[in-house]
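Everything on this sheet refers to the single structure shown next.
The values are calculated or read from the model by the stated rules, or taken from the named source; none is laboratory data. On a predicted model such as this, the values are computed, not experimentally measured, just so you know. Here the Cβ is made from the backbone with ideal geometry for all residues, glycine too, and neighbour counts use every protein chain on show. Just so you know, the surface numbers come from the protein's heavy atoms only, side chains and all, with ligands and any DNA or RNA stripped out. Shrake-Rupley method; radii C 1.70, N 1.55, O 1.52, S 1.80 Å.
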Amino acid sequence: MTELTTPATKHRATFQWRGIAITVAAFVLALLAGAILMIVSDPEVAGQFAYLFTAPALPLGAAWGKVSSAYSALAVGAIGSPAALAATTREAAPLICAGLGVGLGFRAGLFNIGAQGQAIIGAILAAWVGFALQLPPVLHLIVALTAGVIGGAVWGGIVGYLKAKTGAHEVIVTIMFNYIAVGILAWLLTTKAFLRPGRQDPISPAVHDTSTFPSIFGQLHVGFLVALLAALGTWWLIERSTIGFTIRAVGANPHAAGTAGMDVARTTIITMAIAGLLAGLAGVQSAIGPAANGVPTPLSQGIVGSVGFDAITVALLGRSRPLGIVFAGLLFGGLHAGGLSMQSIAGTPLTLSMVLQALIVLFVAAPGLVRTLVPFLRERRAVVAGGQA
């Protein structure tokens, strides 16, 4: 049978493609804005514009040389070689996991600002299992991974319980839980159980090789495949499972979902627990995944960096869809990995890659601004009988 195409189906497909087009336009606009910043921030290039009307080839050539060298260095550092691709996947793996946790919360109408704290708890438990226990190779990795995701799930589940049972706003609670997680890590690194013998600075022993994600090619490791499996599992959960349907229903309208007989409180707790599990997996990636030097970074106060906060931008750019989050994570991973090449080859400040990320999020979060700057992305009003819009 041929599937009927209804006006509603056409509208939904058009809406999805327009959303993709707006995201691509946001990325292009961010690159253009970044190019302008590079030009005006370089005194030598900016000085050439004094000859714009007398010798336009000078400023335009200097500007093109600056921008093209910077962006080509960024591309080379991100995807220019197998080693660059491996570095991009290493940077992307924790961003994808944490982004999935934030995006799942968005689908349920919850703003999970606590991915940072959930990742820290996951990193603490995974690292402790990694350096404190002596287990066979495969079993050791499984135990470390399991401990980390359980820690993240519990940390997120507590927030969901407080939200469901007391009405506490998840934004405030997760922010406070981030501070608590940071404090717990700082305290643990002063204890004998976590402090490296013979050291006074807050750093743990190195995790055993048996607990680390095996490398496939340089910085490409099994942890990236785990992140892709997490994305696939999240997609199945949201789109194909009963609890996923409930999550989407609660996210669309919790009052209507409750009236229809759905347990909104239970769904909130489950959603935050799963979101915490995914963010905890990001912490596991940071704790037992190979770093740029090929070995995991020991547990320290900056073990997860800002992955939990970067995950918010990844989830926004990926529009809270698992596939979109994977591509967004790879994009930001490429910006992280290529930023070093951009600095060393083109002499561009490393902070410019952070500015590019901020600009991308700015344009993605403001689709009205993108449609204003790119007029052909504006929605056309349907014309009805009588010629009225």
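Once you've got the GNM for the chain with C-alpha springs shorter than 10 Å, pick whichever of K192, K163, K66 has the biggest mean-square fluctuation.
The residue that fluctuates most here is K192.
Carbon-plus-sulfur fraction of the accessible area of the chain, 1.4 Å probe, in percent?
69 percent
For the chain, which DSSP H helices look membrane-span-like by this rule: Cα extent along the axis of 24 Å or more and mean Kyte-Doolittle of at least -0.5?
Helices meeting the criterion: 7-41, 57-79, 82-107, 115-132, 137-166, 170-188, 222-240, 264-288, 322-346.
Accessible area per residue, 1.4 Å probe, Å², for the chain: what's the number?
Averaged over the residues of the chain, the accessible area is 49 Å².
Computed over the Cα atoms, what is the radius of gyration of segment 174-229 divided by 2.2 N^0.38 Å, N being its residue count?
Segment 174-229 yields a ratio of 1.54.
Please give the peptides 86-95, 224-233 ranked by average Cβ packing (other Cβ atoms within 10 Å per residue), highest first, as a rough proxy for protection.
86-95, 224-233
Could you work out how far apart the two model spin labels at T146 and T190 are, taking each label as a point 7 Å from the Cα in the direction of the beta carbon, and quote it in nm?
Going by the 7 Å Cα→Cβ label model, 3.4 nm.
Sorting check: for 236-246, 272-282, which peptide has the highest mean count of neighbouring beta carbons within 10 Å, and how do the rest follow?
Packing proxy ranking, top to bottom: 272-282, 236-246.
Can you list the residues, at least 5 places off or on another chain, whose amide H is less than 5 Å from the amide H of I216, using H built in the peptide plane?
The answer is H221, V222.
Between L52 and S344, how high is the FRET efficiency from 1/(1 + (r/R0)^6) when r is the Cβ-Cβ distance and R₀ = 35 Å? Nearest 0.05.
0.70
With a Cα-only, solvent-free Debye model of segment 274-327, what are the log10 I(q)/I(0) values at q = 0.15, 0.18, 0.20 Å⁻¹?
The computed values of log10 I(q)/I(0) come out as -0.49, -0.67, -0.80.
Write down the Å³ per residue value for the convex hull defined by the alpha carbon atoms of the chain.
206 Å³
For segment 73-134, what does the alpha-carbon gyration tensor say about shape, rounded, prolate or oblate, given a ≥ b ≥ c as the root eigenvalues, a/c under 1.5 as rounded, and a/b over b/c as prolate?
Taking the square roots of the gyration eigenvalues as a ≥ b ≥ c, segment 73-134 is oblate.
Determine the calculated [θ] at 222 nm for the chain from helices alone, applying -39500 (n - 2.57) to every DSSP H run no shorter than 4 residues and normalising by the residue count; nearest 500 deg cm²/dmol.
-24000 deg cm²/dmol
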